[in-house]
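Here is the structure we will look at.
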Amino acid sequence: MIWQAFMRDNKLFHNLVPSSGPERIHDLARLISGRVGAREIPAGHWADINQLAIRHGLGPLLWCILLQQDQQVCSTAVFQPLADSVNIASFNYQLLRESQSWVQAAFSQAGIPSVWFKGMALAQTHYPKPDLRPMDDQDVLVPFAQRQDALEALLALGYFFPPKDELEKRLGAPDRTAYHFHLRGGPSGAVILEVHFSLPDGSRNLPLEAVDWFLQQTDTVGQKKSAFNTLKAEAHLLYLCAHTILQHGEAEFRLQRYYDLHLLACTPEINWDKIMHSASELGWAHIVERALRLTHIYFDSPIPVDALASMRKHLPKNEAALRARRLSGAGHRWEGTLSSMFGYSLIQRLRWLFYLTFPPAAYMRARYATQPGRSLAPYYIYRWLDATKEIFSAGWRRLQ
């Protein structure tokens, strides 16, 4: 949740690149995109690269690529974590695929159109094997008018709303189902399912007519009982650009998101004129240009230079562009918290700020994994110092 992201430990949240520097990230991107071979990487770099690959959701794919290139390179113990990541991703995918089948069947029986997108769809359409794309959850889009029917169908299948933690209970926040239902269920109750009936546009949602446009931009994948709808390449790329830059922000960096964009950009006969026009219509020219520029930097993606130049020439100075800039560096967690309070009353905002500053002890013990009886004072102090740093960083960036 937003408030958990804001207060997340700096060490846990920002330590995405090892001490050897961002050059290992570029080594990983070059390996994944086939621009360098395994034998061109110095042996001393592999521990960092493998760690990064797993952390950024590319471990199974890297392992598959390395095995195809040179199995002898992978014979040392330093590569064992990659092999383990393949087994974990494969097991998780089987759970997610079974869950998708249950949900798709329920929606079809109820006459509810559905469109699968993000990881669950890309794994089956763009990756060499679907279990090479690690996923934490699955996402499906349904029409706004049928959102309650979709929810009832899923509740009947045994999906449920996960219980709130102690901090969420104290916050007393308004209903956070403004654009999706966040459910848990499926095989063993282990699958997280997000049923979208709108799409976020920063701190707000897209107009319903824009969401309807996405619902109409679909292709059918698979046959008979295994068939499902997913977004066309152009619409999928547009949404993932916004998801990467507006929802997560550049500061919450995950290379997998840019690789997904790379795969979509490599789709044969993708219509770049349609992408440019739709990006402008949605007010996402800045968002799409930035996401695609970064994708090209990491993976040398086949993105037409004139497409980037055209979008850059007509960049709007709108709220989406401003939010993207604020989420691109220091202070982004505080900016995310401010956005999450958009539309709240003054009383609700003060309540949030109070409980974010003084969360209940039960939450603190769970959050920082402290033993019963151990003083929480150091953890509160750390939390306050970390939050103060975030707020000042955000304020300084706004001044700049």
At 1.4 Å probe size, with every protein chain present, just tell me what the per residue accessible area of the chain comes to in Å².
48
Mean shadow of the range 52-187, computed from the convex hull of its alpha carbons, in nm²?
10.5
Of 231, 151, 246, the most mobile residue in a GNM of the chain (C-alpha springs, cutoff 10 Å) is 151
Please work out how much length the chain gains when fully extended from residue 380 to residue 346, using 0.36 nm per residue of separation minus the C-alpha to C-alpha distance, in nm with one decimal.
9.8 nm
Express the relative contact order of the chain as a whole percentage, based on alpha carbon pairs under 8 Å and six or more residues apart in sequence.
16
Hey, which of these cross-link pairs are over 29 Å Cα-Cα: 169/389; 118/274; 225/274; 164/232?
225/274; 164/232
Quick one: work out Rg over Rh on the C-alpha atoms of the range 332-400, Rh as Kirkwood radius.
1.04
In whole percent, how big is the carbon plus sulfur part of the accessible area of the chain, probe 1.4 Å, protein atoms only?
55
How big is the Cα convex hull of the range 240-283 in projection, averaged over all directions, in nm²?
3.3
Where does the chain land on Rg/Rh, using Cα atoms and the Kirkwood Rh?
0.95
Largest first and to the nearest Å, give the Cα extent of the range 162-299 along each principal axis.
48, 40, 31
Any idea how far apart residue 225 and residue 95 come out in nm if each label point goes 7 Å out from Cα toward Cβ?
2.3
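The values are calculated or read from the model by the stated rules, or taken from the named source; none is laboratory data. All figures in this text were calculated on a predicted structure; none of them were measured in a lab. For neighbour counting, all protein chains shown are included, and Cβ atoms are generated from backbone atoms with ideal geometry for every residue, glycine included. Just so you know, the surface numbers come from the protein's heavy atoms only, side chains and all, with ligands and any DNA or RNA stripped out. Shrake-Rupley method; radii C 1.70, N 1.55, O 1.52, S 1.80 Å.
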